[in-house]
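**Q** Next up is a structure, given as structure tokens.
Values quoted throughout were computed directly from the atomic coordinates according to the rules given, and no laboratory measurement underlies them. Everything quoted here is computed from the prediction, not taken from an experiment. No Cβ is skipped: glycine too gets one built from the backbone with ideal geometry, and neighbour counts run over all protein chains shown.
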Amino acid sequence: MGAGPRMQTAQATQHTRSDRLETVDDVLSYVMVPDAASERLRPHGRRLHAAVRALGVSRHADLVRVDLCHRLRLSQDRVFAASDDPVDGYERLLERAVVFLEAGAELPLADDPPPQADRSDVLETTANHYGHLWRGFSPQHYFDEAVELLRARLTRNGIDPQDFKGQRVLDCGCGGGRYSVALKRLGAAEVVGVDWSEEALATAKRSAEEGGVEGVSYERANVLALPFEDGTFDVVFSNGLLHHTPDAAAGIRELVRVMKPEGRGWLYLYARPGGLDRLTHYLARLFLKDSDHETCRRYCQALALSGNRTFFLLDLWLPPIAECVTPGEVEAMLRKAGCQRWRRLTRGADQDLIEAIHRGVPSAAVKYGVGENRYYLEGHRSFQTG
């Protein structure tokens, strides 16, 4: 078979569910918060959204919004750590947030309108967003943390990291390249990282050079139309990219296409039902929908948040598309792409939601939903059917 479709224009039309969330009701439905909890949280969420919109359009208002979102996240962590019913605690934190914003409504904000950003090009906007985020990772988080996370996620699910030894690997949506380096350090013979962000690729190349990493290369490519022949790679790896594209199914088809029939693959996509944890992130997306990205990044810098903490917060909050899918939806896309053998991983690293579920954290389903969608792929149709 020949190569698949060559690189297409960066222009893409938004047509996903996540970019059409306009109300708190939309968010509650999207993350699949159970009906009983939704009924309790909806009125407070609506009032909070109204107070957020009443702030108006300015950099000062954006700072208040992003600070609110950060404090909601910090408060959520405290709610989850308590022994009380998490829905009760979450309801109280929304009430307090409403009181905070409404009480300050009479105090003026500076009239400093942010620049009008053109976000019509989803691919370019996403690339620019992540290009900025990858700059801030410390050497420890870049070189060591990714190896530790990947090794834990593999071994706890009974997968031998030696599966990567001597293999040619594609890191699809490599960003700043830290998982490209991690795959190489786990024994891959060669790793090819692809991404659309020129800034992220520059960070990846610079970090590899500074770390003396060999056998890793990077190139700019549209992950929905990979510029490789069929069956090029022993292992395909996509860790948290395709949920930011307009067509995750097309990305999965491309992964399977360039994977050798007897090859292996790794796929991570945001999951739903997402529990209250996902609700916090998607309320933040709603509140920051039209906020200036640079103002949000400078807020994190002013607090001296670490690069990985900034990434954790803004990863979900600001990109144009952040699509969540159920395990059933993932598996339907894999099946349609021709993949017949896969495993949904039920263990994770210590900080992973799926690991909390595995360990039986109280009210885990309410807090975390189904956790994360991490899948390990094992061959596709032409291999299975001969």
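**Q** Compute from the Cα atoms of region 301-370 the Rg and the Dmax, the latter being the longest Cα-Cα distance, and quote both in angstrom.
**A** Computed over the Cα atoms of region 301-370, radius of gyration and Dmax are 15.9, 48 Å.
**Q** In addition: Could the peptides 326-334, 64-72 be put in order, highest first, of the mean number of other beta-carbon atoms found within 10 Å of their residues? Write down the numbers at each step before the final one.
**A** Details: 326-334: 16.9, 64-72: 20.1.
So the peptides 326-334, 64-72, ranked by packing, come out 64-72, 326-334.
**Q** Let me ask you something else. Across the chain, what fraction of all alpha-carbon pairs, as a whole percent, falls in each successive 20 Å bin from zero upward?
**A** Per 20 Å bin, starting at 0, the Cα pair percentages come out as 27, 58, 14, 0.
**Q** What percent of all Cα-Cα pairs in region 146-207 falls into each 10 Å bin, going from 0 up to the bin containing the maximum distance?
**A** Calculated over all Cα pairs of region 146-207, the distribution is 24, 49, 23, 3 percent.
**Q** Relative to the longest principal Cα axis of the chain, at what angle does helix 248-258 sit, 0 to 90 degrees, rounded to 10?
**A** The answer is roughly 20 degrees.
**Q** Once phi is turned into ³J(HN,Hα) by the Karplus curve 6.51 cos²θ - 1.76 cosθ + 1.60 with θ = phi - 60°, what whole-Hz value does each residue of region 167-177 show in order, with x for glycine and proline?
**A** Coupling constants for region 167-177: 9, 8, 10, 9, 9, 8, x, 6, x, x, x Hz.
**Q** What is the packing order of peptides 263-271, 153-161, taking the mean over residues of other C-beta atoms within 10 Å and listing the highest first? Display every interim value, and only then the final one.
**A** On the way: 263-271: 24.4, 153-161: 16.0.
The packing order, highest mean first, is 263-271, 153-161.
**Q** Work out the FRET efficiency for Glu39 and Asp230 from their Cβ-Cβ distance, taking R0 = 41 Å, and round it to the nearest 0.05. Provide the component values of the computation, followed by the final result.
**A** Working: r = 51 Å, r/R0 = 1.23.
Efficiency, rounded to the nearest 0.05: 0.20.
**Q** Also, I was wondering about something else. Given a Förster radius of 25 Å and the C-beta distance between Asp85 and His358 as r, what FRET efficiency does 1/(1 + (r/R0)^6) yield to the nearest 0.05? Let's see the in-between values first.
**A** Working: r = 22 Å, r/R0 = 0.87.
Efficiency, rounded to the nearest 0.05: 0.70.
**Q** On full extension of the chain, what length is gained from Asp118 through Ala365, given 0.36 nm per residue of separation minus the C-alpha to C-alpha distance?
**A** On the way: separation 247, 0.36 × 247 = 88.92 nm, distance 3.86 nm.
Extra length available between Asp118 and Ala365 comes to 85.1 nm.
**Q** Could you compute the net charge surrounding Arg46? Neighbours are other residues with a C-beta less than 14 Å from the C-beta of Arg46; K and R count +1, D and E count -1.
**A** Working: positive: Arg40, Arg42, Arg47, Arg53; negative: Glu22, Asp25, Asp26, Glu39, Glu91, Glu95, Glu102.
Taking every Cβ under 14 Å from that of Arg46, the sum is -3.
**Q** Could you pull out every residue, at least 5 positions away or on a different chain, whose amide H is within less than 5 Å of the one on Leu345? Hs are placed 1.01 Å off N in the peptide plane, and Pro or chain starts have none.
**A** Residues meeting the amide H criterion: Arg374, Tyr375, Tyr376.
**Q** Right, something else. What full-extension length gain, to one decimal in nm, is calculated for Arg341 and Asp160 as 0.36 nm per residue of separation minus the Cα-Cα distance?
**A** Result for the pair: 63.5 nm of gain on full extension.
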